[in-house]
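The values are calculated or read from the model by the stated rules, or taken from the named source; none is laboratory data. Note that the structure is predicted; figures quoted are calculated from it, not measured. Glycine also receives a Cβ, built like all others from the backbone with ideal geometry; neighbour counts cover every protein chain displayed. We work out accessible area using only protein heavy atoms, side chains counted, and drop any ligands, DNA or RNA first. Shrake-Rupley method; radii C 1.70, N 1.55, O 1.52, S 1.80 Å.
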Amino acid sequence: MPAKVIIADGEVVERDAEPGEARLAWSDTRLVRECLKGDEDAWSGLIEKYKRLIYSVPVKYGFNADDANDIFQAVCLELLSELPKLRKLKALPKWLIQVASHKCFHRRRQQQRTEVPDEVEQQPEETVPSQMEGILREAEEEQKLRDALSALAPRCRQLVEMLFFEEPARPYKDVAASLGIATGSIGFIRQRCLERLRKQLVETGF
């Protein structure tokens, strides 16, 4: 994941510190409102919330890390400039995906013009929109999953991430030690947490 974060005045800087849990739990409406007031921590929280979504798009297009970082920064800059104009904040994730997809599309076209040898037939442009549609759908579904996970209680979220999102998955005894619970209770807690996650996914239309 990119380490660069753009602060409120548009400068791109290296920033390792993560925003507090409170801001990560804020709604998009509150984050944007505070960003417009010049709250740099709110801006960091907004980027922290959506950095995986933004970065996933160029990765799906097959860009290398340097290109993906450049596209990530370009999307953040456009978000910064367009923030005062955004009206439908519930559609912010989709807007970010669309912006990232368009920047990927134009960067790919630029690369084709400058890097593809003459003897190699370039991909017809009409095939790109269908690729974009597939990437849009996939990125939207992944964001719904991230949103559902973030809505879980911290212990549930940590347990689900440890058991299902880490490679390799942690043994139950390690999970129990990390969460401070009995190993024998993990099965019951896992079932309850997965049920809560399922309900969250249903509510998001997953």
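With Cβ to Cβ distances under 9 Å as the rule, what net charge do the other residues near Ile71 carry (K, R +1; D, E -1)?
Details: positive: Lys103, Arg107; negative: Asp67, Asp70.
That sum, taken over residues with Cβ under 9 Å, equals 0.
If each residue of separation counts as 0.36 nm, what is the full-extension length gain between Leu77 and Lys51 once their alpha-carbon separation is subtracted?
Numbers: separation 26, 0.36 × 26 = 9.36 nm, distance 1.28 nm.
Taking Leu77 through Lys51 to full extension adds about 8.1 nm, to one decimal.
Fully extended, how many nm does the chain gain between Arg87 and Val202 (0.36 nm per residue separation, minus their Cα-Cα distance)?
Additional length available on full extension: 38.9 nm.
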Inset, instruction - Could you state how much accessible area Thr183 has, in square angstrom rounded to the nearest 10, with a 1.4 Å probe and all protein chains kept in place? - result: 70 Å²
Legend entry - Inter-label distance, nm, simple model (7 Å from Cα along the C-beta direction), Gln110/Ala169: 4.3 nm
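Can you pull out the GluC sites (Glu not before Pro) in segment 155-206 that DSSP calls coil and that have at most 16 other Cβ atoms within 10 Å? Let's see the in-between values first.
Values: sites: Glu161, Glu166, Glu195, Glu203; in loops: Glu166.
Qualifying residues, ordered by number: Glu166.
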